[in-house]
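The values are calculated or read from the model by the stated rules, or taken from the named source; none is laboratory data. Predicted model only: the values in this text are computed from it and were never measured. Here the Cβ positions follow ideal geometry from the backbone for every residue, glycine too, while neighbour counts run over all protein chains shown.
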Amino acid sequence: MNLTYNPNFPSVEDLRERARRRIPKFAFEYLDGGCNEDINLRKNTEELRLVELKPLYLVEYQPPSLRTELFGEEYEAPFGIAPVGLQGLIWPGSPEILARAATQHNIPFILSTVSTASIERIGEITHGRFWYQLYHPKDEAIRNDLLDRAYAAGCRVLVLLSDVPTFGFRPRDIRNGLAMPPRMTLRNVMQMFVRPCWIWHTLVEGKPNFATMEKYMPKKGMTIKQLGAYMNATFSGRLNESRVASLRDRWKGKLVMKGVASEEDAELCVRLGLDGIIISNHGGRQIDVGESTIRSLLAIAPKYRGKIRVMIDSGLRTGPDIARALACQAEFAFLGRTFMYAVAALGRQGGDHAIAMLKVQLKQVMEQLCCSRVADLPRHLLRKPD
């Protein structure tokens, strides 16, 4: 396994800038943007970086280990790859690239229902060691079939999505025709033609589609507008207590709720017997009037850690960001944009590069703090956001 990263791109900002120059503008803005005025998008990262950690230079110290246990599995690092919709639109074949890299590095990969790779394909690549994020369908038969397919493919961790009760209001995507239903504009076509590398790889991989959902579509070869209307009509997005209880009864593996942002929702997840929560606001893509995820974590983790596994995503970009979140009592972290920037920037090498880079960054922070174990990072917490 390659544990080194490309020295020409040692930071996430390097990857982001190269991605911006390699993919069409509409794809980059879909990946990079938030909702409304991007307030929560910025707050997630800015307020996380107000967290300060203290080094303990004179304590007994062993070289750090990143190995972390979660749901009975031991992973090589305390972070994983968050689910991202329409991954193949951003870079062709990106879910397969990231799933393969996650398997090689032994970290979790979460497949979204609205990604561009099927459950079965990701199950094959990961040898069944993947997580599946469920967008809740209105049709119970489709829901049950998705659960059966995920379990048959080897998935043992099901992630329920709670923070998309409606589509986010994203001005860039609306201008670019990527709202629901989507539309293809002349401007989008022109943007594609100035990115020949992206076009070439798209021709090789094939037109991106919602691969997991294809078997339920009323007909093949739907236009982009028909496809958007179908997806809009198929998913309700909103969860409630009875729906979650039904899923808990039916799913035989671990059950995680993603999108928890309040103590009330965390309490309900504990009461319903869920195994984990991911504190998230969908990367600032759904709501612009809420608090940052680090503030939600600081309220929830002290009360519920030990009753349920507490994880986080949204706003994390780097190894130091992961260290900050773990010091604030998150037990595991997930990143989305960092991995997609890397794949858009470096293609097939992107997943391996991003994982190796984050490992090096996180290990360097722990070495500087004189922190030997991931579980000891809360001991180094010096200052939280005011």
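Take Asp249 and tell me if it is touching a residue at least 40 places away in the same chain (Cβ under 8 Å) and either touching a helix residue (DSSP H, G or I) at 6+ places or on another chain (Cβ under 7 Å) or within 26 Å of Leu111 (Cβ to Cβ) (or both). Outline the logic, then answer.
Values: touching a residue at least 40 places away in the same chain (Cβ under 8 Å): no; either touching a helix residue (DSSP H, G or I) at 6+ places or on another chain (Cβ under 7 Å) or within 26 Å of Leu111 (Cβ to Cβ) (or both): yes.
Judged against the criteria, Asp249 is not a match.
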If you take the residues in the stretch 85-104 that are of a type in the set (Gly, Ala, Ser) and in a loop (DSSP other than H, G, I, E, B), which one is modelled with the lowest pLDDT? Gly85
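For the stretch 140-221, please list each of the helices (runs of 4 or more DSSP H) lying entirely inside it that holds at least 1 residues being under 24 Å from Gly259 (Cβ atoms), out of contact with any Lys or Arg (no Cβ under 9 Å at 6 or more places or on another chain) and free of Cβ contacts under 8 Å to residues at least 24 places away in the same chain.
Qualifying helices (runs of 4 or more DSSP H): 140-152, 171-176.
Tell me yes or no: at least one residue of the stretch 105-115 is within 27 Å of Gln349 (Cα to Cα), in a helix (DSSP H, G or I) and either of a type in the set (Asp, Glu) or modelled with pLDDT of 95 or more (or both).
Yes, the stretch 105-115 contains at least one residue that is within 27 Å of Gln349 (Cα to Cα), in a helix (DSSP H, G or I) and either of a type in the set (Asp, Glu) or modelled with pLDDT of 95 or more (or both).
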Residues of the stretch 45-70 being touching a Pro at 6+ places or on another chain (Cβ under 9 Å) and not in a helix (DSSP H, G or I), which ones? Arg49, Leu50, Val51, Leu53, Leu66, Arg67, Thr68, Leu70
For the stretch 290-329, give me each residue that is at positive phi and more than 15 Å from the chain's Cα centre (by Cα). Gly306, Gln329
Exactly one condition in (1) part of a helix (DSSP H, G or I); (2) in contact with a His (Cβ under 9 Å, 6 or more places away or on another chain) is not met by Cys35; state its number. (1)
Looking across the stretch 110-149 at residues that are within 18 Å of the chain's Cα centre (by Cα) and of a type in the set (Gly, Ala, Ser), the single one that is surrounded by the fewest Cβ atoms within 10 Å (Cβ to Cβ) is Ser118
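Could you tell me whether any residue of the stretch 231-238 is within 16 Å of Tyr132 (Cβ to Cβ) and modelled with pLDDT of 80 or more?
Yes, the stretch 231-238 contains a residue that is within 16 Å of Tyr132 (Cβ to Cβ) and modelled with pLDDT of 80 or more.
Take the residues in the stretch 294-325 that are in a loop (DSSP other than H, G, I, E, B) and in contact (Cβ under 8 Å) with a residue 12 or more places away in the chain; name whichever of them is nearest to Met257 (Cα to Cα).
Asp313
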Can you tell me which residues in the stretch 330-386 are more than 23 Å from the chain's Cα centre (by Cα), assigned to a helix (DSSP H, G or I) and surrounded by fewer than 18 Cβ atoms within 10 Å (Cβ to Cβ)? Gln364, Glu367, Gln368, Asp376, Pro378, Arg379
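What are the residues in the stretch 31-45 that are surrounded by fewer than 21 Cβ atoms within 10 Å (Cβ to Cβ) and closer than 25 Å to Pro196 by Cα, if any? Lay out the reasoning, then the answer.
Pass one, the stretch 31-45, residues surrounded by fewer than 21 Cβ atoms within 10 Å (Cβ to Cβ): 32-33, 36-39, 42, 45.
Within the stretch 31-45, Asp32, Gly33 qualify.
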Answer residue from the stretch 1-48, given it is in contact with an Asp or Glu (Cβ under 9 Å, 6 or more places away or on another chain) and of a type in the set (Lys, Arg) and is farthest from Glu291 (Cα to Cα) among those: Arg20
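Out of the residues in the stretch 264-289 meeting the condition of being assigned to a helix (DSSP H, G or I) and within 22 Å of the chain's Cα centre (by Cα), tell me which one is surrounded by the fewest Cβ atoms within 10 Å (Cβ to Cβ). Working first, answer last.
Looking only at the stretch 264-289, we keep the residues that are assigned to a helix (DSSP H, G or I), and these are 264-271, 282-284.
Subsequent filtering for residues that are within 22 Å of the chain's Cα centre (by Cα) retains 265-266, 269, 282-284.
On the way: Asp265: 19, Ala266: 24, Cys269: 24, His282: 23, Gly283: 25, Gly284: 26.
Looking at residues that are assigned to a helix (DSSP H, G or I) and within 22 Å of the chain's Cα centre (by Cα), I get Asp265.
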Identify, by number, the condition in (1) more than 17 Å from the chain's Cα centre (by Cα); (2) assigned to a helix (DSSP H, G or I) that Pro7 doesn't meet. (2)
